[in-house]
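A quick write-up on the structure given underneath.
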Amino acid sequence: MRTLTLISCALLPLALAAQTVQSPDGNLILNFSLSGQGEPTYELSYKGKPVVKPSRLGLELAKDKHASKQMDETSLMQGFVVANTTTSTFDETWQPVWGETKDIRNHYNELAVDLHQPKEQRNMVLRFRVYDDGMGFRYEFPQQKELNYFIIKEERSQFAMAGDHTAWWLPGDYDTQEQETQETKLSGIRSRFNQAVNWSNSSVSVFSPTGVQTSLQMKTDDGLYINLHEAACVDYATMHLDLNDTTMMFESHLTPDATGMKGYMQTPCQSPWRTIIVSDDARDMLASNLILNLNEPCKIEDTSWIHPTKYVGVWWEMIVGKRNWHYTNDFPSVKLDTEYWKTATPHGNHGATTANVKKYIDFAAANGIDQVLVEGWNVGWEDWANMWKRDVFDFVTPYPDFDLDELNRYAQARGVKLMMHHETSSSTQNYERHLDAAFNLMNRYGYDAVKTGYVGDIIPRGDHHYSQSTNNHYQYVIEQAAKHRIMVNAHEATRPTGLCRTWPNMVGNESARGTEYEAFGGSRPDHTLILPFTRLQGGPMDYTPGILETQLNTWSENPNTIHTTLVGQLALYLTMYSPLQMAADLPENYAKYADAFQFIKDVPCDWQDSRYLEAEPARYITVARKDKKSDDWYVGGKCNEDGHKSVLKLDFLDKGRSYEATFYVDAPDASYDKNPKAYKIFKRKVKAGDTLRLTQAPGGGFAVSLKAK
């Protein structure tokens, strides 16, 4: 349903430029106006409480030496009058190809403000959409004579916070989110900044000691939860936020390219949506579909080949350090020609061997797991990070000990697919040159999913991972993969902004600190209780859970331990939603805990309904999900180092049915640091209306499967 109300005029005087639009339920109210200098300004409230105080909007343009006349210093920030306003209502229900729920409602009230700069004869539209769970706004630039090609020096969108909120934040970085989230007041970001940067395992490209990344989660002293992010980032640089910690004003800060510019635009065009999710219930933050709704509908006509996937892989043993990606230690002699590899000397510790991969194929087939990921199968790993990066990988040439034909025959005979791996070493142009041949090889052998990687500096220009040009590369790969009916799981790429609605073959991303860091020293127990409020707002993460042998020194020389209990790892399959889930541990480790591994085998990756039962950022999350293919439910709870007691009413179960519940719980003496592998499994019958009382150990959790009878 869409209704329109048009207000047309030649030019509205500034005094008449104020406009108000509210959410369908009336709780959120957006006010738009122009200042006395013609600056676009907005403010937002929720149930009478201020969320965003009056904040300015606009863009600063760079002077273009090729333009017929120079942009004046006002850019697109002031001197506007309102030429027209349009209000509308929209209400639809759509079905995602995969997701947390079978149906998603897209219901909003919209205000579109046509702005005109009389002096420069330029036009810009500000479009606001207000939902029950938040709002989005974006800039739109119609085609016009005086604004055709233009360069963005900086976007100046402001978000004035109403107080010194508690924030869960990452330091501003143009290339990675693989850091631990910090928790401070907004006023504490500056003092915590240097310590946070030192904790990061990356070459940090920070822009300000108060600069942070999105998605940014906050909580006010009076109990409002506020999240700032973006949606539908296409042909545009990724947004960060710079904080004035005196006024608590955030201002957008776009990722620059190698020249320092932020965007090269041609009208007609538009910015991504700037999003504000708000509620007085933390569970609503996790259940929000606002970012998905602000993306365009699916552009793939036939989606029958896209499917949620559970996989294992030759990966964790290399991450831990037991095996290697490269075939030989002869680093200076790496070549792509096949004659070299006939005489190359293997080092004897290569992970992606035919024999080792067959072991994983057998394990997947025996346990109903869909696919096997193999990393380090193709030549070029010997010095992949330090080469000039042209043709270091061609994505089609296997190592001598990886029999591509035999392994695909072997996998297909057992009903298992192999998952391709393409590490680009961030040589995006090289990858694009080889992309068609690489995807054709996948089509030839029946691969339908690829994990891509972007470790290292972007070659050749040195643009950042989150710049406009590199974002365009990621999008190009997604669209080309769709033509080949290939699903994509991108690692080290930019953080997602809901584009998986438009391109559902984008089944997963990393774009955050995943399980691999547990082998490098670990992440705090609250890490996975922050990510659903931040990183996962824009789309699912390939977090690679399921490490049941939490003490790595039991099977390797790695001294680290996982910072959860064994049962806490099971809970992640529910609390960290993804249609792409890895059983990341080794087959022999799963054999040691076969009874607990049963939950990983059983838990689906696609859902018809999801109910968040408990939630508090960095403290605890409990969610119940209903399988899309059956009437079975699964419940998972995860907590931080403080432990947690859950009291759960089973009101979500179908009335009149009984369920056989299998409980996977922490033992009474379990804890993530002292006794991580102590767990109990028991069964009982339950029905709608029953109450569960479950105790989660420090750093632990629980998992429950409820089979409908």
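Length gain on complete extension for the stretch Arg619 to Lys674, per 0.36 nm per residue less the alpha carbon to alpha carbon distance? Spell out each step's value before the answer.
On the way: separation 55, 0.36 × 55 = 19.80 nm, distance 1.98 nm.
Here the segment from Arg619 to Lys674 would lengthen by 17.8 nm.
Can you tell me how much longer the chain between Asn440 and Glu60 gets when fully stretched, taken as 0.36 nm per residue apart minus their C-alpha distance, in nm with one decimal?
On the way: separation 380, 0.36 × 380 = 136.80 nm, distance 4.37 nm.
Contour length minus the Cα-Cα distance gives 132.4 nm.
Given H placed on each backbone N at 1.01 Å, which residues far from Thr544 in sequence or on other chains put an amide H within less than 5 Å of it?
HN-HN under 5 Å from Thr544: Met582.
Once you've got the Cα coordinates, tell me which of Lys322/Lys358; Lys592/Lys680; Lys601/Lys626 are over 24 Å apart.
Working: Lys322/Lys358 18 Å; Lys592/Lys680 15 Å; Lys601/Lys626 16 Å.
Cα-Cα > 24 Å for no pair; all within.
Under 8 Å for C-alpha pairs, at least 6 residues apart: give me the relative contact order for the stretch 81-182, rounded to a whole percent. Kindly include the intermediate steps, with their values, before the conclusion.
Details: 137 pairs, mean separation 17.3, N = 102.
Relative contact order, the stretch 81-182: 17 percent.
Carbon and sulfur atoms: what percent of the 1.4 Å accessible area of the chain do they account for?
Details: 12380 of 25650 Å².
Of all accessible area on the chain, carbon and sulfur atoms account for 48 percent.
Taking θ as phi - 60°, what are the ³J(HN,Hα) couplings along the stretch 19-31 by the Karplus curve (6.51, -1.76, 1.60), each to the nearest whole Hz, with x for Gly and Pro?
Going residue by residue, I get 9, 10, 9, 10, 5, x, 8, x, 6, 9, 10, 9, 10 Hz, with x marking Gly and Pro.
Between helix 354-366 and the chain, what is the angle of the helix's C-alpha long axis to the longest principal axis, kept within 0 to 90° and rounded to the nearest 10?
Approximately 80 degrees, to the nearest ten.
If you roll a 1.4 Å probe over the heavy atoms of the protein chains, what accessible area per residue do you get for the chain, in Å²? Don't skip to the answer; put the middle values down first.
Values: 25650 Å² over 709 residues.
Solvent-accessible surface per residue comes out at 36 Å².
Go through the stretch 668-674 residue by residue and turn each phi into a ³J(HN,Hα) via Karplus (6.51, -1.76, 1.60, θ = phi - 60°); whole Hz please, and just put x for glycine and proline.
So the J values, rounded to whole Hz, are x, 9, 6, 7, 5, 9, 10.
For Ser208 paired with Ala18, estimate the spin-label separation in nm (one decimal), with each label point 7 Å from Cα along the Cα-to-Cβ line.
Label at Ser208, label at Ala18, 2.9 nm between them.
Among Ser191, Met265, Leu286, whose Cα projects farthest towards the positive end of the dipole of the stretch 176-316, with charges put on the beta-carbon of Lys, Arg (+1) and Asp, Glu (-1)?
Ser191
With only Lys, Arg, Asp and Glu charged, each at its Cβ (+1 for the first two, -1 for the last two), find how big the charge dipole of the stretch 123-278 is about the Cα centre; round to the nearest 20 debye. Before the final figure, lay out the partial values.
Numbers: 12 positive and 20 negative charges, 71 e Å.
Computed about the Cα centre, the dipole is about 340 debye.
Give, as a single signed number, the net charge of other residues whose beta carbon lies under 10 Å from the beta carbon of Gly508, with Lys and Arg counted +1 and Asp and Glu -1. Don't skip to the end; give the middle numbers.
Numbers: positive: Lys451; negative: Glu510, Asp542.
Once positives and negatives cancel, what remains is -1.
Loop-only check: which trypsin sites (Lys or Arg not before Pro) in the stretch 210-301 are DSSP coil with at most 12 other Cβ within 10 angstrom? Spell out each step's value before the answer.
On the way: sites: Lys219, Lys262, Arg274, Arg283, Lys299; in loops: Lys262, Lys299.
Passing both the DSSP loop test and the Cβ count: Lys299.
Which whole-number percentage describes the relative contact order of the stretch 589-709, with Cα contacts under 8 Å and a sequence gap of 6 or more? Intermediate results must be reported in sequence, preceding the final value.
Working: 274 pairs, mean separation 35.0, N = 121.
It comes to 29 percent, rounded to a whole number.
Between Arg105 and Asp337, what's the calculated FRET efficiency when r is the beta-carbon distance and R0 is 51 Å? Round to 0.05. Mind showing how you got there, number by number?
Numbers: r = 57 Å, r/R0 = 1.11.
Using R0 = 51 Å, I get an efficiency of 0.35.
Say each of Glu557 and Asn244 gets a label point 7 Å from the Cα, pointing the same way as Cα to Cβ; how far apart are those two points in nm?
Placing both labels 7 Å beyond Cα along the Cβ direction yields 5.6 nm.
For the stretch 241-344, run through the chymotrypsin sites (Phe, Trp or Tyr not before Pro) and keep only the ones in DSSP coil with at most 14 other Cβ atoms within 10 Å of their Cβ.
Numbers: sites: Phe250, Tyr264, Trp273, Trp305, Tyr311, Trp315, Trp316, Trp325, Tyr327, Tyr340, Trp341; in loops: Trp305, Trp315, Trp325, Tyr327.
Qualifying residues, ordered by number: Trp305.
If amide H atoms are built 1.01 Å from N in the plane of the peptide, which residues on other chains or at least 5 residues away come under 5 Å of the amide H of Ala160?
Amide H neighbours of Ala160, under 5 Å, 5+ apart: Lys53, Phe250.
Let me check something: with ligands and nucleic acids excluded, how do Glu616, Glu423, Glu660 order by accessible area (1.4 Å probe), largest to smallest? Intermediate values should be presented prior to the final figure.
Values: Glu616 35, Glu423 10, Glu660 60 Å².
If we order Glu616, Glu423, Glu660 from most to least accessible, we get Glu660, Glu616, Glu423.
Charges only on Cβ, +1 for Lys and Arg, -1 for Asp and Glu: so what's the dipole of the chain about the Cα centre, in debye to the nearest 20?
Charge dipole, the chain, about its Cα centre: 1340 debye, nearest 20.
Each residue of the stretch 625-631 in turn: what ³J(HN,Hα) in whole Hz from Karplus with 6.51, -1.76, 1.60 and θ = phi - 60°, glycine and Pro shown as x?
After applying 6.51 cos²θ - 1.76 cosθ + 1.60, I find 10, 9, 4, 5, 9, 8, 9 Hz.
Have a look at Ile562, Thr575, Pro587 and report the one farthest towards the positive end of the charge dipole of the stretch 544-605, computed about the Cα centre with Cβ charges (Lys/Arg +1, Asp/Glu -1).
Towards the positive end, the residue furthest out is Thr575.
Given an 8 Å cut-off on Cα distances and at least 6 residues of separation, report the relative contact order of the chain as a percent. Intermediate values should be presented prior to the final figure.
On the way: 1816 pairs, mean separation 75.6, N = 709.
RCO, the chain: 11 percent.
In debye, nearest 20, what is the charge dipole magnitude of the stretch 113-201 about its Cα centre with +1 on Lys and Arg Cβ and -1 on Asp and Glu Cβ, if you could check? Show your work: numbers first, answer last.
Values: 11 positive and 14 negative charges, 87 e Å.
Roughly 420 debye for the stretch 113-201.
Calculate the tail of P(r) for the chain: the fraction of all Cα-Cα distances greater than 52 Å, expressed in %.
Numbers: 27740 of 250986 pairs.
The answer is 11 percent, as a whole percent.
Using heavy-atom solvent-accessible surface (probe 1.4 Å) with all chains present, what is the largest-first order of Thr181, Thr338? Don't skip to the answer; put the middle values down first.
Values: Thr181 5, Thr338 90 Å².
Output order, biggest surface exposure first: Thr338, Thr181.
So for the stretch 495-578, taking the charge dipole from beta-carbon charges (+1 Lys/Arg, -1 Asp/Glu), which of Gly498, His527, Gly546 sits furthest toward the positive end?
In the stretch 495-578, that residue is Gly498.
Among the trypsin sites (Lys or Arg not before Pro) in the stretch 105-142, which ones are in a DSSP loop with at most 12 other Cβ atoms within 10 Å of the Cβ? Mind listing them?
Numbers: sites: Arg105, Lys119, Arg122, Arg127, Arg129, Arg138; in loops: Lys119.
When the trypsin sites (Lys or Arg not before Pro) of the stretch 105-142 are filtered for loop state and at most 12 Cβ neighbours within 10 Å, Lys119 remain.
What distance in nm separates the two pseudo spin-label positions at Arg192 and Ala688, each 7 Å out from Cα along the beta-carbon direction?
4.3
Return the long-range amide H neighbours of Leu418 (sequence gap of 5 or more, or a different chain), with a cut-off of under 5 Å between placed amide H atoms.
For Leu418, the qualifying residues are Val372.
The values are calculated or read from the model by the stated rules, or taken from the named source; none is laboratory data. All values derive from a computational prediction rather than experimental measurement. Cβ: placed from backbone, ideal geometry, glycine included. Neighbour counts: every protein chain shown. For accessibility, only protein heavy atoms count, side chains too; no ligands or nucleic acids. Shrake-Rupley method; radii C 1.70, N 1.55, O 1.52, S 1.80 Å.
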